[in-house]
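J.: One structure follows; several queries about it will come next.
Computed from the coordinates by the stated procedures, all read-outs in this text should not be read as laboratory data. Quick caveat: nothing in here was measured; it's all calculated off a predicted structure. Cβ coordinates were reconstructed from backbone atoms using ideal geometry, including for glycine residues, and neighbour counts include every protein chain displayed.
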């Protein structure tokens, strides 16, 4: 038997071993989905994962063969080990991300990696980096071991193995396509747990053949086009007052942190000077969409067009046209998310101060000092707008010793080695301590506003960009689901001349601009520039709120919550629950009740695009 044949047989055995390895990783990734699926859904997951494992290995093998033809055949074995190591690491990273956050390596993650300041925003540490490097080395050693084990192996009946894998790939395409036509959710949900899954739909063919799709409503949340924002020219009362504006936003601050114990300074301020909104949600489950909805008053699907057209929010345009002095401070980075290309796109760089060195609590302390110095240097005859983005409450939830109010916290949070099930209580206590430190820094700003007398003519808005989940519904962090822990945030607003109050009706970040812009003299109805209504309105004009992520949109009504992927339509892709995240029995009946509301949602996500 020739050496070349032996080498080829060994490579085939090595690739087959890797196919099984990648299949196991994918099934492990989808283990949670499998646990809640009927048998046919679980079977589809196994078949789809088999086909994708074959695809990944086939592409890797083809790349190795092509490169070996260029470099010399003797390097193909080394290339095979390295390429299979990279594929294994990729799927393991994807599995970790999916397990923690509920989404795969995707456009959001790519944006995170490639945008300046993105990786730092996740709070990575040296210990985490070392653990990841060690894990990568283990994978390379594993692949080397597989290569040694397959030294004397051959693959009898390889043609039959290939035939089965081809059937898996073709079969899962057909099954998914027909499941999409009929809205069969077990298959559609199982497909979501397969990394990099690309759906196949038969919509056009079904229409040609006269087959009806099983849908009671159609909703494309990916409506796009050229912006029409605002919808009508803005009118401003020339006699309107020009109050100062102070907007203080905290990263990952959820609503139940606002208590007299955890955040005594903000609680006192709300009791004495502000209105506290107890049922307030962000417009996003992540920073990008949360800040976007706060400053634009629009649902998150408009973010992409706003970014493409570099369109500033109406608030910033009005402040600049009225010669406000601007001071913007962030303890993160203005480039991630893309604040410098959306919310503050027209603000001169000298008015923007970022600090992304050391732990978040240290950055917050330094930036509060800068904010106060800037505020106190403001000319008496020029109104100002101050903004600060706080990082204290961001993972990994750092804080100084004097901010500890929960002694039983996890001493070191290492993403790579932590056990969420065992450690989540200690992690949550870290978050509480970090939120307490955040309150201490907010207290510095609020005390200075009061002591200096500036509070008498300053509108103050204090909130979070989004919430933070601690496994209450099976997730940790944010950006993964629309659970109330991820979207519900505190909101305190102080307006000169308005008495302190507590508002218990539902409100949203999209209501902030309809509240603030009239105080700056804008006389247009809110519908000209926002999807929300004033926070101080007696009732909402719409019986629901909208929340977005990077690739999905959620309807939050009085009783139900419906999440749908951006740029994908129909009931089969939707997730339906009660408003407090409990499962519903008859989803079709629920959607039948919500058909009128879904039509209004479609209007909300399209009315600020030009129709021609």
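J.: Using a Förster distance of 51 angstrom, determine the FRET efficiency expected from the C-beta separation of residue 323 and residue 63, and round it to 0.05.
T.: Computed FRET efficiency for residue 323 and residue 63: 0.30.
J.: Could you order peptides 430-436, 270-276 by the average number of other Cβ atoms within 10 Å of their residues, highest first?
T.: Per-residue Cβ counts within 10 Å, averaged per peptide and sorted highest first, yield 430-436, 270-276.
J.: Also, I was wondering about something else. In nanometres, what is the gap between the two model label sites at residue 539 and residue 138, each 7 Å from Cα along Cα-to-Cβ?
T.: In this crude label model, residue 539 to residue 138 measures out at 5.9 nm.
J.: Points 7 angstrom from Cα along the Cβ direction at residue 242 and residue 170: gap in nanometres?
T.: So the label points at residue 242 and residue 170 sit 7.4 nm apart.
J.: Please order 193, 403, 508 by the number of other Cβ within 10 Å, starting at the fewest.
T.: Taking fewest neighbouring Cβ atoms as first place, the list is 403, 193, 508.
J.: Label point 7 Å out from residue 130 along Cα-to-Cβ: which residues of region 397-414 have amide N under 13 Å?
T.: Counting backbone N atoms under 13 Å from the label point, the list is 414.
J.: Assuming R0 = 25 Å, what is the FRET efficiency of residue 55 and residue 161, from their Cβ-Cβ distance, to the nearest 0.05?
T.: Here the calculated transfer efficiency is 0.95.
J.: If you take every DSSP beta bridge fully contained in region 244-543, what fraction is antiparallel? Give it as a percent rounded to 5.
T.: Rounded to the nearest five, the antiparallel share is 30 percent.
J.: Could you calculate the FRET efficiency of residue 256 with residue 77 from 1/(1 + (r/R0)^6), where r is the beta carbon distance between them and R0 is 60 Å, rounded to 0.05?
T.: 0.60
J.: Sorting check: for 493-502, 582-591, which peptide has the highest mean count of neighbouring beta carbons within 10 Å, and how do the rest follow?
T.: 493-502, 582-591
J.: What is the mean projected area of the alpha carbon convex hull for the chain, to one decimal in square nanometres?
T.: 31.2
J.: If you average the alpha carbon positions of region 49-82 and of region 335-403, how far apart do those two centres end up, in angstrom?
T.: Each part's Cα centre sits 49 Å from the other's.
J.: Can you sort 417, 131, 533 from fewest to most other Cβ atoms within 10 Å of each residue's own Cβ?
T.: The most exposed by this proxy come first: 417, 131, 533.
J.: Based on Cα positions only, what radius of gyration and what Dmax would you give for region 244-543, in angstroms?
T.: Rg then Dmax for region 244-543, in Å: 18.2, 57.
J.: Going highest first, how would you order 286-293, 457-464, 159-166 by mean Cβ packing within 10 Å?
T.: Taking the mean over residues of other Cβ atoms within 10 Å, the ranking is 286-293, 457-464, 159-166.
J.: A further question follows. For 147, 255, which order do you get if you count the other beta carbons within 10 Å of each Cβ and list the fewest first?
T.: By the 10 Å Cβ count, ascending: 147, 255.
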